[in-house]
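**Student:** This is the structure, below, for whatever I ask next.
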Amino acid sequence: MKKYRMFKGHLMHVNQIAAISRKTTVNNCTIPKPTHSYESVFTCWKEIKLSKFDTPVYGKKFGIDKDGHYHLLEITEPEWEHKKYPQPKQLQKKYKKKYYCKGSKTICKIVEHPSDYDMYPKHEPVRMNQIEYCEKLVEHKLAKWERKNPKPMDMFVEDVEKWNQLKEAAKERIRDFVVSMYDKLPLIGRFKVPTVTAKYMEEKVADIKDINGDGHRVNEMPANSPLLKKAKKITNETKAKRKNLVATNLKDHKRKKGRIILPDSELQKAA
């Protein structure tokens with residue numbers, strides 16, 4: 001039974017479809033015949049169109065006769081050494097090998113083979129906490145600043161003193177930037193407990209990321225500060241969920257200062 005398939009809206013035989021596919025997708029690359037006989041060429045054996053009498057030799061020099069056959073030529077220059085090079089031995093883990101008695105399934109002995117990994121030193125990854133990582137990052141950025149601002153020679157005392165002052169200022173600025181990026185500010189909420197004697201409890205509401213460094217001066221932030229707007233938004237959302245919220249306190253990076261943030265009243269929300 002002949003096999004037919006639909007090809008571009010026409011019913012065609014599978015062999016005809018295969019011929020069209022090969023004609024449009026495969027490049028039949030062949031080495032053109034030279035103008036004169038026995039032209040020496042370097043070629044890969046995969047690119048050679050061989051007959052049943054030709055034998056491919058990888059990395060050799062071939063000549064082409066007038067009939068288009070390839071023949072191996074004698075060359076004087078050193079040939080490419082084509083051989084299988086020994087591969088490195090794979091490391092083995094510790095294992096046990098069982099030896100059985102001849103003609104039975106009884107175990108005669110068990111030999112434990114050591115691990116090849118014990119011969120090499122173990123490299124454990126460096127584990128750093130957040131403080132160590134921030135200090136390393138400050139040192140890296142400070143070294144980058146020193147490359148851009150090289151230290152003057154020691155003979156110029158005034159220039160050296162000025163450079164040291166600039167370095168300390170840059171170090172302080174870099175440390176503030178790194179701390180503001182990796183140290184989130186806690187927003188503490190003050191809630192009123194419904195008891196006979198008015199009592200209050202404090203609870204962390206959220207951790208806010210300081211994106212512009214305003215967390216170092218929380219009491220000096222302007223009204224349009226992104227950090228203050230974010231803290232105000234979280235305060236209003238918390239007030240909508242928990243009616244006993246009185247206010248929130250945004251701490252600085254040193255946890256010594258804070259800014260009191262009051263939620264918006266109903267009149268302010270309506271306005």
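Read-outs: derived from the displayed coordinates by stated rules, not from any lab. Note that this is a predicted model, so its numbers are computed, not measured. Here the Cβ positions follow ideal geometry from the backbone for every residue, glycine too, while neighbour counts run over all protein chains shown.
**Student:** Give me the distance in nm between label points sitting 7 Å out from Cα along the Cα-to-Cβ direction at Ile260 and Lys167, one decimal.
**Tutor:** 4.5
**Student:** Note the full-extension length gain between Arg217 and Asn149 as 0.36 nm times their separation in residues minus their Cα-Cα distance, in nm to one decimal.
**Tutor:** Difference between extended and current length: 21.6 nm.
**Student:** Given a cut-off of under 8 Å on Cα pairs at least six residues apart, what relative contact order in percent is computed for region 131-220?
**Tutor:** Answer for region 131-220 is 24 percent.
**Student:** Per 5 Å bin from zero, what fraction in whole % of the C-alpha pairs of region 119-212 is there, up to the bin with the longest pair?
**Tutor:** Calculated P(r), rounded to whole percents: 2, 10, 12, 12, 11, 10, 9, 9, 7, 6, 4, 3, 2, 1, 0, 0.
**Student:** Related question: For region 130-182, what does the alpha-carbon gyration tensor say about shape, rounded, prolate or oblate, given a ≥ b ≥ c as the root eigenvalues, a/c under 1.5 as rounded, and a/b over b/c as prolate?
**Tutor:** prolate
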